[in-house]
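The values are calculated or read from the model by the stated rules, or taken from the named source; none is laboratory data. All values reported here derive from a predicted model rather than from experimental measurement. Every residue, glycine among them, receives a Cβ derived from its backbone with ideal geometry; neighbour counts consider all protein chains shown. The protein model used for the area step is the full one, side chains on, heavy atoms only, and it has no ligands, DNA or RNA in it. Shrake-Rupley method; radii C 1.70, N 1.55, O 1.52, S 1.80 Å.
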Amino acid sequence: MTEFSFKSLTENVGSEVMGLDMRQPLDDSARDRLERELADRSVLLVRGQTELTPKQHIAFSRCFGPLEDHVLQNFCLPSHPEIFVVSNIVENGKHIGAYGGSKEYHSDLAYLPEPSMGSVFHCLECPEEGGETAIVSMSAVYEALSAQRRGWLSQKRAVFDYVWQYERAHRDRPALTDEQKERVPPIGHPAVRTHPVNGKPALFLSEIWVRRFEGLDDEESQVMIRDILDFATSPEFTYVHKWRPGDVIIWDNRNSMHKACPFDEANTRRRMHRTTIKGSVPFFQAKAA
Ligand SMILES: [Fe+2]
């Protein structure tokens, strides 16, 4: 039996898992407790995992479902392609990892028919200042909206449009080819999604990719989306994780959004290993009255 306990990180979002050694195999009941806590709190923190190897990281992540192959294979570990490296470090004139990390709130791969379920993110090196990860609980946000707005949003679908976002945000990058565009057509997802583990509704929007609500034009939608997101990103729904080497956070894309905070990329080192767990088609199920 695996012994561990939970401690809240903030009132609405995040739990620290105390006493868990991620190198050890998880039994079914431990896995179920972690899955439930993740669903309820959107993010789990495990500290002190300095000895965790890529192989153990992958084995732990697989307890929650199959893993995605990242599209940027050149930034994955050659020996363990399930591990995506996020880093600003340059070695022999080449970046060892993906060095961006979106500075705007999003949930991963939300523009695909089956957005990813979540990630297990392991810190190997981090700067003293900056480089935090901020996470917003979208189920807490949903609960705090007015009944009228909850009702309206739960009837709506939001159109996630990767190409639209790319063309407005990356004017400096090469244009997408027709073939690339065809791989990511706009997709409508429910603006409120039901969490498959705990059945709770969560708002499903983000600061990038969401172009409009179905049935409304872009302009009208953008005003409304900005207004909702200004409310969503207030501190009461947010946990900002200040990294230490050996920390692991697990986030749940089904009821949260996250972003990377800036840091001194020219003079400090940040190196993280990430696995990405596959997800399923988002759905909304109204609760029986
Ligand atoms: Fe992300």
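Applying a threshold of 6 Å to beta carbon distances and a minimum spacing of six or more residues, or different chains, the list of pairs starting in region 92-108 at a residue that is closer than 17 Å to T238 by Cα and ending at one that is of a type in the set (D, E, K, R) and at pLDDT 90 or above reads S102/K259; K103/K259; E104/E207; E104/K259; Y105/E207; Y105/K259.
Kindly indicate the residue of region 205-232 that is of a type in the set (G, A, S) and part of a loop (DSSP other than H, G, I, E, B) and also surrounded by the fewest Cβ atoms within 10 Å (Cβ to Cβ) among those meeting that condition.
Initially, region 205-232 is screened for residues of a type in the set (G, A, S), giving 206, 215, 221, 232.
In the following step, the residues that additionally are part of a loop (DSSP other than H, G, I, E, B) were identified as 206, 215.
Working: S206: 26, G215: 10.
Among those residues, the one meeting the criterion is G215.
One residue is enough: does region 210-217 have a residue meeting the conditions within 16 Å of the ligand (Cβ to nearest atom), at pLDDT 95 or above, in contact with a strand residue (DSSP E or B) (Cβ under 9 Å, 6 or more places away or on another chain) and within 29 Å of E167 (Cβ to Cβ)? Yes, the conditions are met somewhere in region 210-217.
Count of region 162-197 residues, restricted to those that are farther than 16 Å from I225 by Cα, in contact (Cβ under 8 Å) with a residue 40 or more places away in the chain and in a helix (DSSP H, G or I), is 1. Within region 131-141, can one find any residue that is in contact (Cβ under 8 Å) with a residue 24 or more places away in the chain and open to solvent by 50 Å² or more (accessible area, probe 1.4 Å)? No, that holds for no residue.
Restricting attention to region 100-124, and to residues there that are more than 14 Å from the ligand (Cβ to nearest atom) and within 29 Å of I225 (Cα to Cα), which single residue is least open to solvent (accessible area, probe 1.4 Å)?
P113
Do you know which of the residues in region 64-88 that are surrounded by 17 or more Cβ atoms within 10 Å (Cβ to Cβ) and in a loop (DSSP other than H, G, I, E, B) is farthest from the chain's Cα centre (by Cα)? So, considering only residues that are surrounded by 17 or more Cβ atoms within 10 Å (Cβ to Cβ) and in a loop (DSSP other than H, G, I, E, B), the one farthest from the chain's Cα centre (by Cα) is N88. Taking region 23-56 as the range and being part of a loop (DSSP other than H, G, I, E, B), more than 22 Å from V197 (Cα to Cα) and open to solvent by less than 50 Å² (accessible area, probe 1.4 Å) as the test, the residues that pass are Q49, L52.
Looking at V192, V240, V248, V184, which is the one that is at pLDDT 95 or above, touching a Phe, Trp or Tyr at 6+ places or on another chain (Cβ under 9 Å) and within 28 Å of Y99 (Cβ to Cβ)?
V248
Residue count for region 248-259 under the criterion of being farther than 19 Å from V197 by Cβ, open to solvent by less than 10 Å² (accessible area, probe 1.4 Å) and either within 12 Å of the ligand (Cβ to nearest atom) or not in a strand (DSSP E or B) (or both): the result is 0. When each of P245, P235, P262 is tested for being farther than 21 Å from Y105 by Cα, over 15 Å from the mean Cα position of the chain (by Cα) and open to solvent by 70 Å² or more (accessible area, probe 1.4 Å), the lone residue that passes is P245.
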